[in-house]
Amino acid sequence: MSKTTASGVDSPCNDLKTPTLDTESPTLLHSISEQGGYAYVRMASLAAAGDIRAAEAVREMAWEQLHSGPWHSVLPVWRDAYSMACLHVAKHHYGNGEFKEALKALDMGIIMGGNLLRKDLDSAIGKVSEKARSIRVSDGSYQDFGNSEHQLVDHDFDVSKVLQLLPVKSLASKLVVKRSGLSLEKFLKDHYLSGTPVIISDCMAHWPAKKNWNNIDYLLRVAGDRTVPVEVGKNYLCADWKQELVTFSEFLERIRSHSCSPGGPTYLAQHPLFDQINELRRDIFIPDYCFAGGGELRSLNAWFGPAGTVTPLHHDPHHNILAQVVGKKYIRLYPASVSEELFPYSETMLSNSSQVDLDDVDERKFPKVQDLEFVDCILEEGEMLYIPPKWWHYVRSLTTSLSVSFWWSEGESSSPS
C-alpha cells in the first residue's frame, strides 16, 4: 500500500529493500542475546514491524554499547546491531517521505556500524538519494552544476601573504624534487626503493574530480544531504579539538562563508569518504604508483577543508601519495633519521606525532629544531606528493583544499633501504 507524503510523493512504506537484513536478522539477534542484549532483541521485533519509537530505542541501546569503552574493544556484534537499528529508522523515514532523515540514519549506519549489513545500507542510500534528487528537480531547488560562478576555490593567490603564515625558513632551502609524467620504473628506482619524496605532476588530468570538485553545485548535488564526521579546532593535539557530525552541505557552507564552529576551523580529515559516497569515488583513480613494490592499498582517505587547516608534524607507517585535487597546500618533510630530535610524544596513541609546534617553536625546549634539515614544497592543484614511510610531515592548507591520500603497504619481496 502506498501513501502520499507531505512532499506530495507516493512512497511505499516497504519499498526500501533490505535482503541481507531479512536473511541475517535471526542469527544476528541470537548473537546479540548471547551478549546480554535481551532488551535490544525484544524491541528489535517491534522495530521490524514499523514501530519508530522501538527503532529509535534499539539504536540508542546499540549506541551506548559503541561508547562503552575504547573503540577497539567494542564487540563487532554491537556494530552490526547499530547498523540494523539504523536500517529500521531509515525505513520509517523513507516511508514518510523524510529522505534527509533517512539518509542521515543510513550514513550513521555506515560510519559507526559493522560490515554485515553494508550492502543493504549502500543499496538503501542509492535509492533514497535518487528520490531526494528527483524531488529537488521537481521543486526547482536543483541547480545546474555547470555554472562556473559557483566555484569552491578561486585561483587568486598572493605568495607573499602566504609566506608570512608559514613556519620559519619555509621555502628557503631545499625543495622537494618535482618530476613530470614520472614512469613507474623511475618512481620505483629513484624514489620508492631509496625512500625519497617526490612531486609528480601531469598525472591527474584524466580524473573527473579535477573538474567536478571545484564546483559547489556538483558537490551539493552528489553529497549535500550526506552526513560526514569533521574535526573542529586547530588540530588533534589541542585540548579544545573535537569531532562533529554535519551534513556535507553544512560543511561546504562553513568553507564558503569563511566561518567555523566556535571551537575553530572545520576539517574533514582522514575520513574514508569514498567508501561512503560512491559518486565521489568514481571521480578518482588509484595511481599506478600505489602498486609499486607489490604491496596493497591500505586506505583511501579524504582531506577537505578551508585555508588555514593544519595537520601537525607526524609520520605514518605506510607509503603515501597525497593527491592535490583542488587548491594548494604547504608541506614540510623531515627524514626518519631525525626522529629523536623531533621529540615524539611518549603516549602510545600519539607516538607518531611530534611535540614540536612548527607554527610556534619553543626554542627553550627544542633549541636544535630550527637547525634540522628538511625539504618542503607548495603542492599545486593537479600534483601528487609521494611521502615515504616514517617521514615526518607538516601540512597547511593555503587555500580551500580538497586532497586524497592513498596509503599502501610494502610487498613481501620489497625491502626499501
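The values are calculated or read from the model by the stated rules, or taken from the named source; none is laboratory data. In this text the structure is predicted, and so the values were computed from the model without any measurement. So basically every Cβ, Gly included, is an ideal-geometry build from the backbone, and we count neighbours across all protein chains shown. Ligands, DNA and RNA are excluded from the accessible area calculation, which covers all protein heavy atoms including side chains. Shrake-Rupley method; radii C 1.70, N 1.55, O 1.52, S 1.80 Å.
Per residue, the convex hull spanned by the alpha carbons of the stretch 300-365 comes to 123 Å³. Within the same chain, lysines fewer than 8 places from LYS365 are excluded, and of the rest, those with a Cα less than 21 Å from its Cα are LYS169.
Cα-based values for the chain, radius of gyration first and Dmax second, are 23.5, 74 Å.
Computed over the chain, the per-residue total of -39500 (n - 2.57) for DSSP H runs of n ≥ 4 gives a 222 nm mean residue ellipticity of -10000 deg cm²/dmol, rounded to 500. Taking 0.36 nm per residue of sequence separation and removing the Cα-Cα distance, the SER123/ASP359 pair yields an extension gain of 80.4 nm. Are any of the pairs LYS178/LYS211; LYS17/LYS242; LYS328/LYS390; LYS189/LYS368; LYS131/LYS211 more than 29 Å apart by Cα-Cα distance, and if so, which? Where the Cα-Cα span goes over 29 Å, the pairs concerned are LYS17/LYS242; LYS189/LYS368. Within the chain, antiparallel bridges make up roughly 90 percent of the DSSP beta bridges whose residues both belong there. Please identify the longest segment of the chain free of exposed GluC sites (Glu not before Pro), where exposed means a DSSP state other than H, G, I, E or B and no more than 12 other Cβ atoms within 10 Å. Within the chain, the longest run free of exposed GluC sites (Glu not before Pro) spans 1-295.
Taking all protein chains together and rolling a 1.4 Å probe, TRP392 ends up with roughly 0 Å² accessible. Given an 8 Å cut-off on Cα distances and at least 6 residues of separation, report the relative contact order of the chain as a percent. Normalised by residue count, the contact order of the chain is 16 percent.
A simple spin-label model places the labels of GLU64 and LEU171 5.5 nm from each other, with each point 7 Å out along Cα-to-Cβ.
Accessible area of SER173 (1.4 Å probe, protein heavy atoms only, ligands and nucleic acids ignored): about 80 Å². Which percent of Cα pairs goes in each bin when the distances of the stretch 243-391 are cut into 5 angstrom slices starting at zero? Per 5 Å bin, starting at 0, the Cα pair percentages come out as 2, 7, 14, 18, 19, 17, 13, 7, 2, 0.
For the stretch 44-109, the C-alpha radius of gyration divided by 2.2 N^0.38 Å, with N the number of residues, is 1.10. For the stretch 22-153, the relative contact order works out to 18 percent when only alpha carbon pairs closer than 8 Å and six or more residues apart are counted. Across the alpha-carbon atoms of the stretch 177-224, the computed radius of gyration and Dmax are 15.7, 43 angstrom. For the stretch 281-387, trypsin sites (Lys or Arg not before Pro) are listed when DSSP marks them as loop and at most 10 other Cβ atoms sit within 10 Å of their Cβ; the list is ARG364, LYS365, LYS368. Mean projected area of the Cα convex hull of the stretch 29-169, taken over all directions, amounts to 14.0 nm².
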